[in-house]
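The structure appears right after this line, and notes come after that.
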Amino acid sequence: MTNQTAEKLRGMKLPAMAAEYLRQSETRLCDALDFDERVGMMADAEWLSRENRRIQRLTKAAGLRFPGAGFADIDHRPSRKLDKALVARLSDFGWARDARNLIITGATGCGKTWLACAFGAEACRAGLSVLFFRVNRLLGEMAAATGAGTLDRMFGKLKKTDILILDDWGLAGISAPEGRLLLEVFEDRYGLGATVFSAQIPVANWHDLFEDGTIADAVLDRVVHNSHRIELHGQSLRAVSAACAHGYPVVASEMAAPQQDDDGGG
């Protein structure tokens with residue numbers, strides 16, 4: 001009878017509940033629990049299993065460069081001047097649900113991509129859909145989709161994503177055709193989805209990235225004015241890590257802060 005019940009649960013696509021049911025039937029300690037407690041434990045097992053699978057699907061679909069990044073591992077050493085209170089306020093993703101943007105700027109190697117991925121990974125854990133692109137790759141894929149006649153399908157995918165992460169924004173200039181493609185993306189997403197930008201170039205210089213000034217005005221009007229901003233400071237974390245690994249001297253301000261002030265890497 002026990003095995004038949006478990007098979008029926010699996011047949012109804014409740015595998016975690018079936019496994020918990022069998023575990024309880026084989027554990028004498030569960031005999032002390034009442035009916036409601038045992039059913040609750042089985043329901044919890046199935047719910048948790050589905051939540052974990054959903055998070056795994058969202059994280060895999062996001063294509064994050066650092067899928068294991070998270071808020072708990074953010075490096076808060078003083079030299080980075082990263083506002084803990086701001087990160088805490090942004091951690092509930094109310095800004096993303098309100099279709100506001102996040103701009104992360106700083107010198108090369110200071111951890112912009114990692115921090116953007118931390119927001120992306122935590123968003124997946126919060127049940128939001130995420131897509132990560134290096135800007136040049138996104139432009140290349142849109143150009144290929146134009147030639148293949150699948151651009152509308154790609155626009156649709158970008159439009160329905162809760163958070164779009166654009167890494168290496170401003171690493172190269174944006175031609176007029178590329179600007180028009182980006183304008184379509186931001187126009188579709190305006191008021192519907194959030195975008196996270198990781199950029200070395202200060203926001204004040206973004207207009208100069210565009211070959212067509214009119215397109216630049218239209219794009220920046222849609223992405224800058226409704227955004228939160230994080231500016232990272234300090235030396236390249238790659239350089240600091242390499243120096244420490246080889247025993248070279250490092251500027252004191254770039255060394256890890258005391259334990260009580262440091263939440264880890266990233």
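Please name which of GLY170, LEU192, SER25 has its Cα lying farthest along the dipole of the chain towards the positive end, using unit charges on Cβ (Lys, Arg +1; Asp, Glu -1) and the Cα centre as origin.
SER25
Got a sec to turn the phi values of region 142-159 into Karplus ³J(HN,Hα) couplings, 6.51 cos²θ - 1.76 cosθ + 1.60 with θ = phi - 60°, whole Hz, x for Gly and Pro?
Residue by residue, region 142-159 yields 5, 5, 5, 5, 4, x, 8, x, 10, 5, 4, 5, 5, 4, x, 5, 5, 5 Hz.
Taking amide H atoms as placed 1.01 Å from N in the peptide plane, list the residues 5 or more away in sequence, or in a different chain, whose amide H sits under 5 Å from that of ARG134.
HN-HN under 5 Å from ARG134: ASP167.
Please state the charge dipole magnitude for the chain, taken about the Cα centre, from unit charges on C-beta atoms (+1 on K and R, -1 on D and E), reported in debye and rounded to the nearest 20.
540
Would you mind ranking TRP47, TRP206 by Cβ crowding within 10 Å, fewest neighbours first?
So the ranking, lowest neighbour count to highest, is TRP47, TRP206.
Taking neighbour counts of Cβ atoms within 10 Å as a proxy for exposure, in what order, fewest first, do PHE132, PHE93, PHE210 appear?
PHE93, PHE210, PHE132
For ILE230, which sequence-distant residues (separation of 5 or more, or a different chain) have an amide H within less than 5 Å of its own amide H, given hydrogens modelled in the peptide plane?
Under 5 Å from the amide H of ILE230: ILE103, ILE104, THR105.
What whole-number distance in Å separates the alpha-carbon centres of region 1-48 and region 152-201?
Spelled out, the Cα-based centre of one part sits 46 Å from the other.
Using the Cα centre as the reference, give the magnitude of the dipole from point charges on the C-beta atoms of region 18-111 (Lys, Arg: +1; Asp, Glu: -1; all else neutral), rounded to the nearest 20 debye. Write out the running numbers ahead of the final one.
Values: 16 positive and 14 negative charges, 176 e Å.
Using Cβ point charges on Lys, Arg, Asp and Glu, region 18-111 gives about 840 debye.
Structure shown: which of LYS84/LYS112; LYS112/LYS160; LYS81/LYS157; LYS60/LYS112; LYS81/LYS159; LYS8/LYS60 lie over 27 Å apart, alpha-carbon to alpha-carbon?
LYS81/LYS157; LYS81/LYS159; LYS8/LYS60
How far apart, in nanometres, would the label points at ALA107 and LYS60 be if each is projected 7 angstrom from Cα along the Cα-to-Cβ direction?
Spacing of the two 7 Å Cα→Cβ label points: 4.1 nm.
In the calculated pair distance distribution of region 1-148, what percentage of Cα-Cα distances lie above 28 Å?
Above the 28 Å cut-off, region 1-148 has 45 percent of its Cα pairs.
Length gain on complete extension for the stretch ASP188 to SER25, per 0.36 nm per residue less the alpha carbon to alpha carbon distance?
Length gained between ASP188 and SER25: 53.3 nm.
Could you please rank LYS157, LYS112, placing first whichever residue has the fewest other Cβ atoms within 10 Å of its Cβ?
LYS157, LYS112
In degrees between 0 and 90, to the nearest 10, how far off the longest principal axis of the chain does helix 213-223 point, with axes built from Cα atoms?
That works out to roughly 30 degrees.
Let me know the whole percent of all Cα-Cα pairs from the chain that are separated by more than 35 Å.
In whole percent, the share of Cα-Cα pairs in the chain beyond 35 Å is 34.
Non-local amide H neighbours of CYS110 (under 5 Å, H modeled in plane, Pro and chain starts lacking H): which ones?
HN-HN under 5 Å from CYS110: LEU237.
Throughout, read-outs are computed from the coordinates displayed, never taken from laboratory work. These figures come from a predicted structure and were not determined experimentally. Glycine also receives a Cβ, built like all others from the backbone with ideal geometry; neighbour counts cover every protein chain displayed.
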